[in-house]
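Peer 1: Dumping the structure here so I can ask a few things about it.
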Amino acid sequence: MPSVDIEKIVAACRAAGEEILDIYSRDFEVESKVDNSPLTEADKAANAVIMDVLSTHYPAMPVISEENKQVPYEQRSGWGEFWLVDPLDGTREFVKRNGEFTVNIALVNDGKPVAGVVYRPVDGTLYCAESGAGAFKSIGSGKPERIFNDTHYSTCDEVRVVASRSHRTPDTDAFVEKLQASGKLVECLAAGSSLKLCLVAEGAANVYPRFGPTMEWDTAAAHGIVLESGRQVLNYQTGEPLLYNKPSLLNPWFVVE
């Protein structure tokens, strides 16, 4: 079981979300990282809030965050348990002002996400999970409701495929065409950030194929929610579960099913 107070992590996500919305409501500048991905002051402000909470309550536990200086594998390879954070997942969606961005915090133990919180600031949607305790969704001040998805897309005649709103690829189109060729009626949904994994977790989508680059902090928190909902995130090439704290923090292609 996770050795943390999940409510403290929920509170960190909500506080980071407040910082993000404050910047979202006004004009802001957009920088470009080395890989040409966007960076805003909201990314930095949210990261500062989260790092303050984690360092206060869990000072001995290491952190990998998208907005921190990355730790060499030689150092982090010995980490048994650590935080994996994306303070603003879906910065492109933030810049587009379509609301499909999230705050992601995961606890990883032995390469696997054992707790995850995904928070969507614009409407207060919160997904939360702990290993062995189930996955839950709440909106605003609403009561958390258990989410569970016991249907694999291969058994469905009608399949809802969720794909990236900003990173759709020809390989994803080929995946859809293969399903259609097998006789399935396919509906395609588009969403941003880690919300795509959460849509499968709650049964709003049946499968999410990701045939493009993502980083470990993009998926870990929502991966924990997917696992507790009864579904899985698999390496597309090997069929093995997606793992974290690899020598390269770049994820392989994967499928949430």
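Peer 1: Can you tell me how region 1-85 classifies by the Cα gyration tensor, rounded, prolate or oblate, using a/c under 1.5 as the rounded cut?
Peer 2: Details: a/c = 3.10, a/b = 1.32, b/c = 2.36.
It comes out oblate by the Cα gyration axes.
Peer 1: About its Cα centre, how strong a charge dipole does region 153-256 have in debye, to the nearest 20, once Lys and Arg get +1 and Asp and Glu get -1 at the Cβ?
Peer 2: Using only the charged Cβ atoms, the result is roughly 120 debye.
Peer 1: Report the FRET efficiency, 1/(1 + (r/R0)^6), for R26 and A48, where r is their Cβ-Cβ distance and R0 is 22 Å, rounded to 0.05.
Peer 2: Once the sixth-power term is evaluated, E becomes 0.75.
Peer 1: Can you sort C13, C188 so the residue with the fewest Cβ neighbours within 10 Å comes first?
Peer 2: Taking fewest neighbouring Cβ atoms as first place, the list is C188, C13.
Peer 1: State, to one decimal in nm, how far the label point of R14 lies from the label point of S166, with both points 7 Å from Cα in the Cβ direction.
Peer 2: Spacing of the two 7 Å Cα→Cβ label points: 2.7 nm.
Peer 1: When the Karplus curve 6.51 cos²θ - 1.76 cosθ + 1.60 is applied with θ = phi - 60°, which whole-Hz ³J(HN,Hα) does each residue of region 55-64 get, with x for Gly and Pro?
Peer 2: Per-residue couplings from phi come out as 5, 6, 8, 9, x, 8, 9, x, 9, 10 Hz.
Peer 1: Here are some values of percent of Cα pairs over 30 Å apart: [x] 22; [y] 30; [z] 19. Which one was computed from this structure?
Peer 2: Among [x] 22; [y] 30; [z] 19, the one calculated here is [x].
Peer 1: Aspartates and glutamates within cross-link reach of K96: Cα-Cα under 18 Å, excluding same-chain residues under 8 positions apart?
Peer 2: E19, D22, D27, E29, E31, E41, D43, D123
Peer 1: Mind checking the angle between helix 170-181 and the chain's longest principal axis? C-alpha axes, 0 to 90 degrees, to the nearest 10.
Peer 2: Taking Cα atoms only, the helix is inclined about 40 degrees.
Peer 1: Apply the a/c threshold of 1.5 to the C-alpha gyration tensor of region 6-147 and tell me whether it is rounded, prolate or oblate.
Peer 2: The shape class here is oblate.
Peer 1: Can you spot the lysines whose alpha carbon is less than 18 Å from K8's alpha carbon? Ignore those fewer than 8 places along the same chain.
Peer 2: Cα-Cα hits under 18 Å: K137, K143.
Peer 1: Modelling each spin label as a point 7 Å along the Cα-to-Cβ direction, I'd like the R146/A181 distance in nm, to one decimal.
Peer 2: For the pair R146/A181, the computed spacing is 4.1 nm.
Peer 1: Could you tell me which of rounded, prolate or oblate describes region 153-256, using a ≥ b ≥ c as the square roots of the eigenvalues of the alpha-carbon gyration tensor, with rounded for a/c under 1.5 and, failing that, prolate when a/b is larger than b/c and oblate otherwise? It would help to have the intermediate numbers written out before the result.
Peer 2: Numbers: a/c = 1.68, a/b = 1.46, b/c = 1.15.
In terms of gyration-tensor shape, prolate.
Peer 1: A further question follows. Taking the Cα centre of the chain as origin and charging only Cβ (+1 Lys, Arg; -1 Asp, Glu), how large is the dipole, in debye to the nearest 20?
Peer 2: 280 debye
Peer 1: Something else about it: Under 11 Å from the 7 Å Cα→Cβ point of Y236, by amide nitrogen: which residues of region 192-226?
Peer 2: Within reach of a label on Y236, which here means backbone N under 11 Å from a point 7 Å along Cα→Cβ, region 192-226 contributes 208-214.
Peer 1: What lysines could a cross-link reach from K112, if we take a straight Cα to Cα line under 18 Å and drop same-chain neighbours fewer than 8 places away?
Peer 2: K246
Peer 1: Taking only DSSP H segments of four or more residues, each worth -39500 (n - 2.57), what value at 222 nm results for the chain once the sum is divided by all its residues, to the nearest 500 deg cm²/dmol?
Peer 2: Rounded to the nearest 500, it is -9500 deg cm²/dmol.
Peer 1: Take the Cβ-Cβ distance between V71 and C156 as r, set R0 to 51 Å, and report the resulting FRET efficiency rounded to the nearest 0.05.
Peer 2: That pair, V71 with C156, gives E of 0.75.
Peer 1: Between A174 and V34, what is 0.36 nm times their sequence separation minus the Cα-Cα distance? Round to one decimal in nm.
Peer 2: Between A174 and V34, full extension yields an extra 47.4 nm.
Peer 1: Net charge around V108, counting only other residues with Cβ within less than 10 Å of its Cβ (Lys, Arg = +1; Asp, Glu = -1)?
Peer 2: -2
Readers should treat all values here as calculations from the given coordinates under stated rules, not as data from a laboratory. Everything quoted here is computed from the prediction, not taken from an experiment. Methodologically, a virtual Cβ is constructed for each residue, glycine included, from the backbone with ideal geometry; neighbour enumeration extends over all protein chains shown.
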